[in-house]
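Asker: If you scroll down you'll find the structure; I have some questions about it.
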Amino acid sequence: SQTIHQWPATLVQPVGSPLSLECTVEGTSNPNLYWYRQAAGRGLQLLFYSVGIGQISSEVPQNLSASRPQDRQFILSSKKLLLSDSGFYLCAWNPRDTPSSYEQYFGPGTRLTVT
Amino acid sequence: KNEVEQSPQNLTAQEGEFITINCSYSVGISALHWLQQHPGGGIVSLFMLSSGKKKHGRLIATINIQEKHSSLHITASHPRDSAVYICAVRETSGSRLTFGEGTQLTVNP
């Protein structure tokens, strides 16, 4: 069965510090991968998605970046965090090119507080 | 105006009550999702539907494509149903999901 992991679960970082959040998926190959952010009291917002290694599409311009160094690894980064980067970050995946490819499966999330 | 609107934003019910959460959208879609977000933040997919009705246990989801409207119903609600319920649509023009802002449901014993 497939499993999606995210770490860390919670993170408190000062403004201006770097960020690295990691997401890994087990039990599948060639997944589509997604990073979402949920700010307090707001809906989920798609930040990045990837259809393959090294292929990243950005949905929202910001000081965040994403990378996919391996097929089942998706990393969200920032060189300098802003207060507005605080939120709940969710990674998700779905299988590519299958009848169930419309489903998305979410990781447990990382709660980031920028102080 | 958001592309996906949910109502109500907050809902408090007594255990056993029948609950309805509504979702309206303004774009053409290929699928609509209902998600449940637990207090810790984890999200679980409840339903994905593109027409008609689906049922899973005490949960029922319906969609009317012509009216661009979907409802999530919970029968015989229970305190463990307390969560945020999120509607999300997949537009016909792309692969990404657009999310509503969620409905906070609290079921009191």
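Asker: Applying the Karplus parametrisation 6.51 cos²θ - 1.76 cosθ + 1.60 with θ = phi - 60° to the phi angles of the stretch B:14-25, what ³J(HN,Hα) value in whole Hz is obtained for each residue in order, glycine and proline being reported as x?
Answerer: With the stated coefficients, the stretch B:14-25 comes to 8, 3, x, 6, 8, 10, 10, 10, 10, 9, 10, 9 Hz.
Asker: Of the GluC sites (Glu not before Pro) in the stretch B:24-109, which ones lie in a loop per DSSP and count no more than 10 other C-beta atoms within 10 Å?
Answerer: Values: sites: B:E67, B:E91, B:E101; in loops: B:E67, B:E101.
Filter output for the stretch B:24-109: B:E67.
Asker: Just need the relative contact order of the stretch A:1-58 here, percent rounded to a whole number, with Cα pairs under 8 Å and 6+ apart.
Answerer: After rounding, I find 26 percent.
Asker: Something else now. At 1.4 Å probe size, with no ligands or nucleic acids counted, give the accessible surface of A:W35 in Å², nearest ten.
Answerer: So the heavy atoms of A:W35 present about 0 Å² to solvent.
Asker: Let's see if you can work this out: charge +1 on each Lys and Arg Cβ, -1 on each Asp and Glu Cβ, no other charges. What is the dipole magnitude of the stretch B:31-109 about its Cα centre, in debye to the nearest 20? Write down the numbers at each step before the final one.
Answerer: Details: 8 positive and 4 negative charges, 50 e Å.
With only Lys, Arg, Asp and Glu charged at Cβ, the dipole is about 240 debye.
Asker: Using Cα pairs under 8 angstrom and six or more residues apart, how large is the relative contact order of chain A, in percent?
Answerer: Numbers: 289 pairs, mean separation 40.9, N = 115.
The value is 36 percent.
Asker: A follow-up question, please. Farthest toward the dipole's positive end in chain A, which of A:V12, A:Q45, A:Q2, given Cβ charges of +1 (Lys, Arg) and -1 (Asp, Glu) about the Cα centre?
Answerer: Projecting each Cα onto the dipole axis, the largest value belongs to A:V12.
Asker: Can you count the Lys pairs in the protein assembly as shown whose Cα atoms are under 28 Å apart, with each pair 8 or more apart or on different chains? Please list the in-between numbers first.
Answerer: Values: B:K1/B:K53; B:K1/B:K68; B:K53/B:K68; B:K54/B:K68; B:K55/B:K68.
For the protein assembly as shown, qualifying lysine pairs total 5.
Asker: Also, I was wondering about something else. Show A:K80, B:K54 ordered by accessible area, largest first, where the area counts protein heavy atoms only and the probe is 1.4 Å. Kindly include the intermediate steps, with their values, before the conclusion.
Answerer: Numbers: A:K80 140, B:K54 90 Å².
The ordering from most to least exposed comes out as A:K80, B:K54.
Asker: Which of A:R68, A:R42, A:R96 ends up with the largest GNM mean-square fluctuation for chain A, with Cα atoms connected below 10 Å?
Answerer: Comparing A:R68, A:R42, A:R96 in the GNM, the peak value goes to A:R42.
Asker: Taking H placed 1.01 Å from N in the peptide plane, check which residues at least 5 places from B:E17 or on another chain put their amide H under 5 Å from its amide H.
Answerer: Placed amide hydrogens put B:S77 under 5 Å from B:E17.
Asker: Also, I was wondering about something else. Tell me the net charge near A:V25. Cut-off is 10 Å between Cβ atoms, A:V25 excluded, with +1 for each Lys or Arg and -1 for each Asp or Glu.
Answerer: On the way: positive: A:R72; negative: A:E26, A:D71.
Every neighbour counted, the sum reads -1.
Asker: Given Cα pairs under 8 Å that are at least 6 residues apart, what percent is the relative contact order of chain B?
Answerer: With pairs under 8 Å counted, the relative contact order is 37 percent.
Asker: Probe 1.4 Å, all protein chains in place: accessible area of B:D81 in Å², nearest 10?
Answerer: 10
The values are calculated or read from the model by the stated rules, or taken from the named source; none is laboratory data. Please read all numbers here as calculations on a predicted model, not as lab measurements. Please note: Cβ atoms are built from the backbone with ideal geometry, for glycine as well, and neighbour counts cover all protein chains shown. Calculation scope for accessible area: heavy atoms of the full protein, side chains included, ligands and nucleic acids excluded. Shrake-Rupley method; radii C 1.70, N 1.55, O 1.52, S 1.80 Å.
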